[in-house]
């Protein structure tokens, strides 16, 4: 389309130049010269636009390709606590090489999100919802260490010991303890009782509960395989 317009402008310029050579009256010559200059300006602008589009297209494709990154959601982490803080340990190889502004947390009183952007062209995200107890967002912070990020969640109620990291984990254990009664041990195999309990909890639980049970089951299967190989 742009090249066709260039050709049309050039044809108009050529025809006006031919008319200019035939014109004998000065007023007509001036009018033709003005119109020719206008068309020549349009022709130059159009040509520059075509050249810019050709030059920019490969650069735009390269830029898009370079900026494309994948997000990886993290599930594994370790945690510990002191009287003042819940400390969350997240292992990420070479995270110490990432710029500080690319490692950050989004915190609420009952949740945390750890973001690590552009680590080996990947974005990492760890989400922990429904914390067992409220945290002090302003008093919380995080640190980059060698192959690790440590998040310090300030306890709103200091000197209170957390039994679990989240409400969901506590609910899971409470239900297991209440449903798995000692007398059941005499009636059937303990492993079968645990599996039956987990099935019941999975069927009646919400999405978070189902994810946790699936994770626990997977880790149990992996441990069983490892124990078998060691034997």
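The values are calculated or read from the model by the stated rules, or taken from the named source; none is laboratory data. As the structure is a prediction and not an experimental result, all values here were calculated from the model. Positions of Cβ are backbone-derived with ideal geometry, glycine not excepted, and every protein chain shown enters the neighbour counts.
Some values worked out for this structure:
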{"read-out": "Matching residues, the stretch 20-30, being in a helix (DSSP H, G or I) and surrounded by fewer than 14 Cβ atoms within 10 Å (Cβ to Cβ)", "value": "21, 22, 26, 27, 28, 30"}
{"read-out": "Hits in the stretch 132-171 (condition: touching a helix residue (DSSP H, G or I) at 6+ places or on another chain (Cβ under 9 Å), over 18 Å from residue 109 (Cβ atoms) and without any contact (Cβ under 8 Å) to a residue 40 or more places away in the chain)", "value": "163, 171"}
{"read-out": "Selection within the stretch 96-127 - over 12 Å from residue 140 (Cα atoms), buried (at least 20 other Cβ atoms within 10 Å of the Cβ) and touching a residue at least 40 places away in the same chain (Cβ under 8 Å)", "value": "103, 114, 124, 126"}
{"read-out": "Selected residue (only one of 151, 137 is in a strand (DSSP E or B), crowded, with 18+ Cβ neighbours inside 10 Å and not assigned by TED's automatic domain parsing to the domain that holds residue 215)", "value": "151"}
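Residue by residue, here is whether (1) at pLDDT below 95; (2) not assigned by TED's automatic domain parsing to the domain that holds residue 18 holds:
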| site | (1), (2) |
| --- | --- |
| 37 | yes, no |
| 60 | yes, no |
| 63 | yes, no |
| 76 | yes, yes |
| 109 | no, yes |
